[in-house]
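Please treat every number below as a calculation from the coordinates, not as lab data. Please read these numbers as outputs of a predicted model, since none were measured by experiment. With ideal geometry, Cβ positions are generated from the backbone for all residues, glycine too; neighbour counts draw on all protein chains shown.
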Amino acid sequence: MATERVHFYSEGARLAGILYLPEGAGGDENRAGIVLCHGFTGVKEFILPQYAEAFARAGFVALTFDYRGFGESDGQRGRLLWQEQAADIINAVTFLSTRSEVNPAQMGLWGTSYGGALAPYVLAVDDRVKACVGQLGFGDAASAMTDRMPPEVIDSFRPMLEEDRRQRVLHNNPTYGDAMDLAGDPEMTAFMKESAKKLPHLEGRQIMLQFLEAHLQFSPMSVIHKKGDRPLLLIAAELDVVCPMENYKLLYDQAPEPKQWILFENTRHFEFYEGEPADRSAAEAVKFFEKQLGNG
């Protein structure tokens, strides 16, 4: 396969991406295209390459990219709002569909973790997307947070969010916090700390407190019925405490057919990204896209 560094624009922000091109792409046969959607504070060089390479080996044209405000993309640093990331994904679909190697009638989405919620959301609202794979996501952010945290902890955020709203509106002065502190998950903190040994820029990043306000309003479950008969595969980890499997199952249950549910037993969230679980989850996604999109 070959890779190509690319850029495109999303609501005025210049986004950076990497295109993974299968052998023989660019000839007479246009291929199906797959946009990969990263998770919380993710960048395109992290986790995504192993999946993009698997898709390219199977004959798909795959695109990874940095959301606005992250990695090599333009935009206000640490501005992590799901509404804007969904728009970035929609614009990535547009960009990929313009490539001569891609058949715009065969567009797919793949997403993991926060991207595992964003990708089904975009499937529901953008009918150009013909098939979607999500893994390790959630169906409704507010209920998922309630499942993970005591109500008093969530209530303790509310005065900070209200003060942040006032500061943003009156003084254009958003509040920032450490991304791992706002995520509030020890497994994620440990995983990112270990990953930062190879990618130092993953450690110590700040994001806007507004993320929490927006996050509590994010509910892919509320729109998934709009996907109609476009196929969806959701892959979950039985022991996931970052995005509890039960909440993701609610999204699956609300989705109309055709749909498929795969549960990795005795597996935790970050175990998906190396070894046998990573290979298996990539293989399941390839099999699904081959059935639903073909690769030419």
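Listing for the model above:
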{"quantity": "log10 of Debye I(q)/I(0), alpha-carbon scatterers only, for the chain at 0.08, 0.16 Å⁻¹", "calculated": "-0.32, -1.35"}
{"quantity": "Relative packing of peptides 117-129, 248-260, 150-162 - highest average C-beta neighbours within 10 Å first", "calculated": "117-129, 248-260, 150-162"}
{"quantity": "Relative contact order %, region 153-249, counting alpha carbon pairs below 8 Å whose residues are six or more apart", "calculated": "26"}
{"quantity": "Shape metrics for region 165-221, restricted to C-alpha atoms - Rg then Dmax, Å", "calculated": "14.0, 41"}
{"quantity": "Shape of region 88-130, Cα gyration tensor, a/c cut at 1.5", "calculated": "prolate"}
{"quantity": "Whole-Hz couplings from phi, Karplus 6.51/-1.76/1.60, listed for region 122-137; x for Gly and Pro", "calculated": "5, 3, 5, 9, 10, 6, 6, 7, 9, 7, 9, 10, x, 9, 6, x"}
{"quantity": "Distance cut-off 15 Å, percentage of C-alpha pairs in region 1-73 lying past it", "calculated": "52"}
{"quantity": "Percent RCO, i.e. relative contact order, over region 77-222, from Cα pairs under 8 Å lying at least 6 residues apart", "calculated": "29"}
{"quantity": "Principal-axis tilt of helix 186-195 within the chain, Cα atoms, nearest 10 degrees", "calculated": "60"}
{"quantity": "Structure-based [θ]222 nm, the chain - -39500 (n - 2.57) summed over DSSP H runs of at least 4, per residue, nearest 500", "calculated": "-12000 deg cm²/dmol"}
{"quantity": "Length-normalised contact order for region 1-70 - Cα pairs under 8 Å, 6+ apart - percent", "calculated": "39"}
{"quantity": "Cα shape, region 205-293, gyration tensor, a/c 1.5 rule", "calculated": "oblate"}
{"quantity": "For Lys291, Lys44, order by how many other beta-carbon atoms lie within 10 Å, fewest first", "calculated": "Lys291, Lys44"}
{"quantity": "Two-site label geometry, Ala105 and His171: point separation in nm, points 7 Å out along Cα→Cβ", "calculated": "5.7"}
{"quantity": "Inter-part distance where region 98-132 and region 53-68 are each reduced to a Cα centre, Å", "calculated": "12"}
{"quantity": "Per residue convex hull volume, Cα atoms of region 4-134, in Å³", "calculated": "87"}
